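Notes to accompany the following structure.
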Amino acid sequence: MKITERELDALREMGNIGASHAATSLSQMLMSEVSMTVPEVEIVDISDLSSYFGTEIAALVVFEIQGEINPGGYVVLHVPRDSAIRMTNAMLGSEDMDREFNEMDRSALIEVGNIMVSQFLDATATLLGIVMLPSPPALEIDMSHAAFGSIVAQVAFDIDEIILFKTELTSEVHNVESTIILLPDSTTLSEILELLNKLMAGN
Amino acid sequence: MSDISRTFPSTYQDKGVINIGIGEYHAGDFPMTSIGLGSCIALILHDRSLHVGAVVHIMLPGSNGKTERPGKFADTAVPTLFDEMMALGSNKRSIVARIAGGASMFSQFKGNLDIGNRNIIATKEALELCHIRLEAEDVGGTVGRSIYYNPLDNGQIIIRKADGTCLEI
C-alpha cells in the first residue's frame, strides 16, 4: 500500500478532529474530563493483527460507514472488558465490578458507541465535505482478535494490509480507556486520501 | 477441565510456540497456536506416524484466482498445507485434519453474508477435494476461540473459548 508521509499526517489530523468531538461527547456522558492521545495511523499487515489485538476480552461496538460512500468500511469503538464495566457502572450508578455483562450494560455500551461514533464520523465528514453516516450498531463482547478479525475479513479480500487508525480516549476519574478505530475499505481509503490531498492543495 | 486450561500456554511467546497469524501457515514438529479465531478457521494437518504437522489461519472462503497469500483463503490453503506436509516427508495416508473456528460474529449486520459459516463449508469442500480425512472439528457458534497444537501430542488440539471454557478435540 502506497501512502506518503504527508498523507499519513493528513489522516492523523483528520483523526484528531474526529476524536476530539468523540471525546467531548464521552466526557458529557461520564460527566468527567476525557483526555485523548495523538491519533496513530499505522499500516498493519493482516498476519500481524495479533500484535495489536490479543485474546483479552473487550466490547466492540461496530458501525458500517454509510452515506455517500456506501458501503465504505467500518468504524469500531473498542473498550477493554474492565473499562467497559466501569463505563456502564458510571452511567447506571453501580459499583459492582465482579459481574457479567447484562442487557442494561449492552444497551449502555451501544448508546455510548452510537454517540461517540456519530460525532467522530460527522466531524470527519464535515472536514472532507462529504456525508458519512454510521449504520445501526452491532455489539460483540469477545476476544479482541476474534471480533476485530471478523470485521477485517469484511474488507480484506483484495488487500493484505489495513490502515489502523486509532485514538485512545481516557477518563481518569472513572479509569476508562477506549479506542476508536477507522477501518475504511480500499475504495473509501482512496476517496478519503483524494479529498485530503485536495484540502492540502487548497492551503 | 482445569487440567486442559493449565496446558494451554497463557503467553505463547515465552514457550517457543509459534503463533500463526491471519493468512499464515507453518509446518514442523514444534508447538503452534492460533489466537483469537472469530469467523476465521484454523486448519491443522497432523501426521500420525511422523508426529509432525501444519497449521493455517484461514480468513475467507474463496481466493477467486488470487495466489499471493494462499493461506488466506480456504480453497488455496488446504492444498498448500497438504504440500507442506508432503515436503516434510509425510505419507498421504497418515495425514488427518482438524478444524476449529468459523464462528458467526456481528450477525446483526444485514448485508453481512455469514463468513464464518462459508469458511467452514469451503474448508470442508477443499479437504474432500484433497482426500484428507477430517478427524475432528469444533466449529460455528457465536464466540471466539484460540487453538494450541503440539505435534508430539498424537494430533489432538486444545481449544480455549472466549467464554472461558476449554476442550480437547
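The values are calculated or read from the model by the stated rules, or taken from the named source; none is laboratory data. It should be emphasised that the depicted structure is a prediction, and the values quoted were computed from it without experimental measurement. Neighbour counts are summed over all protein chains in view; Cβ atoms, including those assigned to glycine, are modelled from backbone coordinates with ideal geometry. In case anyone asks, the SASA skips ligands and DNA or RNA and just uses the protein heavy atoms, side chains included. Shrake-Rupley method; radii C 1.70, N 1.55, O 1.52, S 1.80 Å.
For residue B:106, work out the one condition from (1) out of contact with any Lys or Arg (no Cβ under 9 Å at 6 or more places or on another chain); (2) at pLDDT below 95; (3) on the phi < 0 side of the Ramachandran plot; (4) of a type outside the set (Val, Ile, Thr) it doesn't fulfil.
(3)
Which of the residues that make up segment B:74-102 are in contact with a Cys (Cβ under 9 Å, 6 or more places away or on another chain) and within 14 Å of chain A (Cβ to nearest Cβ)?
B:101, B:102
In segment A:167-203, what count of residues is obtained for those that are within 14 Å of residue A:87 (Cβ to Cβ), of a type in the set (Val, Ile, Thr) and open to solvent by 10 Å² or more (accessible area, probe 1.4 Å)?
3
This table checks each residue for (1) open to solvent by less than 10 Å² (accessible area, probe 1.4 Å); (2) closer than 20 Å to residue B:60 by Cβ; (3) in contact with a strand residue (DSSP E or B) (Cβ under 6 Å, 6 or more places away or on another chain).
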residue: B:75; (1), (2), (3): no, yes, no
residue: B:78; (1), (2), (3): yes, yes, no
residue: B:81; (1), (2), (3): yes, yes, yes
residue: B:100; (1), (2), (3): yes, yes, yes
residue: B:117; (1), (2), (3): no, yes, no
residue: B:120; (1), (2), (3): no, yes, yes
residue: B:153; (1), (2), (3): no, no, no
residue: B:164; (1), (2), (3): no, no, no
residue: B:167; (1), (2), (3): no, no, yes
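Name the residue that is nearest to the other protein chains (Cβ to nearest Cβ), counting only residues in segment B:49-73 that are of a type in the set (A, V, I, L, M) and farther than 12 Å from residue A:153 by Cβ.
Within segment B:49-73, the match that is nearest to the other protein chains (Cβ to nearest Cβ) is B:56.
For residues that are small (Gly, Ala, Ser), within 8 Å of another protein chain (Cβ to nearest Cβ) and in contact with a helix residue (DSSP H, G or I) (Cβ under 9 Å, 6 or more places away or on another chain), scanning just segment A:132-188, find the one that is nearest to residue A:107 (Cα to Cα).
A:138
What number of residues within segment A:124-142 satisfy the criterion of being farther than 30 Å from residue A:56 by Cα and of a type in the set (Gly, Ala, Ser)?
Of the residues in segment A:124-142, 2 are farther than 30 Å from residue A:56 by Cα and of a type in the set (Gly, Ala, Ser).
Quick check: is even one residue across segment A:58-77 open to solvent by 20 Å² or more (accessible area, probe 1.4 Å), more than 11 Å from every other protein chain (Cβ to nearest Cβ) and not hydroxyl-bearing (Ser, Thr, Tyr)?
Among the residues of segment A:58-77, at least one is open to solvent by 20 Å² or more (accessible area, probe 1.4 Å), more than 11 Å from every other protein chain (Cβ to nearest Cβ) and not hydroxyl-bearing (Ser, Thr, Tyr), which makes the answer yes.
Pick from segment A:37-51 the residues that are assigned to a loop (DSSP other than H, G, I, E, B) and surrounded by fewer than 16 Cβ atoms within 10 Å (Cβ to Cβ): which of them is modelled with the lowest pLDDT?
A:38
Only one of (1) at negative phi; (2) in contact (Cβ under 8 Å) with a residue 12 or more places away in the chain; (3) open to solvent by 10 Å² or more (accessible area, probe 1.4 Å) is not met by residue A:100, so which one is it?
(2)
Does residue B:166 satisfy the criteria of being under 20 Å from residue B:33 (Cα atoms) and more than 13 Å from the chain's Cα centre (by Cα)?
yes
Regarding residue A:34, is this residue more than 13 Å from the chain's Cα centre (by Cα), surrounded by fewer than 17 Cβ atoms within 10 Å (Cβ to Cβ) and among the aliphatic types (A, V, I, L, M)?
When the stated conditions are applied, residue A:34 does not pass them.
I need a count of the residues in segment A:156-166 that are closer than 14 Å to residue A:46 by Cβ and surrounded by fewer than 21 Cβ atoms within 10 Å (Cβ to Cβ).
Qualifying residue count, segment A:156-166: 6.
Going residue by residue through segment A:81-90, is there one that turns out to be open to solvent by less than 60 Å² (accessible area, probe 1.4 Å), in contact with a helix residue (DSSP H, G or I) (Cβ under 8 Å, 6 or more places away or on another chain), more than 19 Å from residue A:41 (Cβ to Cβ) and at the interface with chain B (Cβ under 10 Å from one of its Cβ atoms)?
No, every residue in segment A:81-90 fails to be open to solvent by less than 60 Å² (accessible area, probe 1.4 Å), in contact with a helix residue (DSSP H, G or I) (Cβ under 8 Å, 6 or more places away or on another chain), more than 19 Å from residue A:41 (Cβ to Cβ) and at the interface with chain B (Cβ under 10 Å from one of its Cβ atoms).
Among the residues of segment A:104-148, write down those that are charged (D, E, K, R) and open to solvent by 10 Å² or more (accessible area, probe 1.4 Å).
Once the filter is applied, which keeps residues that are charged (D, E, K, R) and open to solvent by 10 Å² or more (accessible area, probe 1.4 Å), segment A:104-148 yields A:106, A:111, A:122, A:140.
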